[in-house]
Amino acid sequence: MSKPATMPLLRIITDLGDIVIELRPDRAPRTVTAFLSEVEKAGFDGGSFGRIVRADNDRGEPPIEVIQAGAQAAVEQRIDVAFETTDESGLRHQDGVISLPRADEPLATAQGFFICIGDQPALDARGGRSADASGFAAFGRVVEGMEVVKAIHRIPTMEQAPTAFVRGQMASEPVAIHRIVVESESDHLSV
């Protein structure tokens with residue numbers, strides 16, 4: 001019997017506590033590589049969880065619930081990713097899944113990420129949330145610290161926002177990301 005593949009474990013160190021995520025390079029190699037590149041450049045150090053999407057403030061259809069983080073403000077060059085769709089990776093936007101954001105274009109960006117609160121099938125391929133039906137770039141999941149994710153999700157939001165679409169979704173007090181570190185590798189393989 002062969003030894004199971006190992007998956008990178010990363011620790012997101014925030015003001016509210018740590019979140020440990022397991023990445024899936026076996027399922028989403030391009031997406032994981034791009035995300036790790038941003039982590040290795042310390043691009044998220046000094047960033048924050050600044051967008052909180054809940055049923056009471058979501059402006060899209062079908063509605064979703066996520067927390068979204070961004071790299072530090074002074075990003076020099078955007079990292080675009082020709083990501084694996086959920087059909088290609090087999091990963092679904094379930095509770096605790098981490099994914100890359102994207103606009104209505106064929107690429108995702110590795111300079112942000114979001115974590116699902118509950119199952120969010122609207123974010124999968126043909127789920128209805130992306131104009132091109134490609135969905136979003138799931139590439140891992142939270143394995144420790146979901147209570148921190150939920151605490152961030154409960155933070156009050158404000159009406160001020162950079163665009164009308166995210167009005168009411170910006171955290172009144174964003175949760176700082178001190179750093180993201182590659183911690184070890186995991187032997188659990190989950191779908």
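The values are calculated or read from the model by the stated rules, or taken from the named source; none is laboratory data. Keep in mind the model is a prediction, meaning the values are calculated, not measured. Here the Cβ is made from the backbone with ideal geometry for all residues, glycine too, and neighbour counts use every protein chain on show.
A few points about this structure:
- Take the conditions (1) part of a strand (DSSP E or B); (2) touching a Lys or Arg at 6+ places or on another chain (Cβ under 8 Å); (3) of a type outside the set (Lys, Arg); ALA42 misses just one of them, which is (1).
- ILE117 meets each of the listed conditions (1) out of contact with any helix residue (DSSP H, G or I) (no Cβ under 8 Å at 6 or more places or on another chain); (2) at pLDDT 95 or above apart from (1).
- Test: residue in segment 124-137 that is more than 19 Å from LEU10 (Cβ to Cβ), basic (Lys, Arg) and at pLDDT below 90: yes
- Search result, residues across segment 103-128 that are assigned to a helix (DSSP H, G or I) and within 27 Å of GLN72 (Cα to Cα): LEU123
- Any hit, segment 34-49, residues being within 21 Å of ARG92 (Cβ to Cβ) and surrounded by 15 or more Cβ atoms within 10 Å (Cβ to Cβ): yes
- Test result for LEU123, surrounded by 13 or more Cβ atoms within 10 Å (Cβ to Cβ), without any contact (Cβ under 8 Å) to a residue 60 or more places away in the chain and closer than 18 Å to ARG54 by Cβ: yes
- For segment 173-191, the set of residues classified as modelled with pLDDT of 95 or more and either more than 28 Å from PRO25 (Cβ to Cβ) or over 16 Å from the mean Cα position of the chain (by Cα) (or both) consists of GLU173, PRO174, HIS178, listed by residue number.
- Residues satisfying the stated conditions in segment 130-148, i.e. surrounded by fewer than 24 Cβ atoms within 10 Å (Cβ to Cβ), outside any strand (DSSP E or B) and either under 15 Å from the mean Cα position of the chain (by Cα) or without any contact (Cβ under 8 Å) to a residue 12 or more places away in the chain (or both): ALA133, GLY145, MET146, VAL148
- If you filter segment 159-180 down to residues that are among the charged types (D, E, K, R) and either in contact with a helix residue (DSSP H, G or I) (Cβ under 9 Å, 6 or more places away or on another chain) or in contact (Cβ under 8 Å) with a residue 24 or more places away in the chain (or both), you find that the one that is farthest from GLY70 (Cα to Cα) is ARG167.
- Those residues of segment 1-58 which are small (Gly, Ala, Ser) and in contact (Cβ under 8 Å) with a residue 60 or more places away in the chain, in sequence order: ALA5, GLY17, ALA28, ALA34, SER37, ALA42, GLY43, GLY46, GLY47, SER48, GLY50
- Residue within segment 39-52 that is modelled with pLDDT of 95 or more and either in contact with an Asp or Glu (Cβ under 6 Å, 6 or more places away or on another chain) or aliphatic (A, V, I, L, M) (or both) present: yes
- In segment 149-161, residue nearest to HIS93 (Cα to Cα) [restricted to those that are in a helix (DSSP H, G or I) and of a type in the set (Val, Ile, Thr)]: VAL149
- Candidate set from segment 79-97 (those that are in a loop (DSSP other than H, G, I, E, B) and of a type in the set (Asp, Glu)); member that is farthest from ALA69 (Cα to Cα): GLU84
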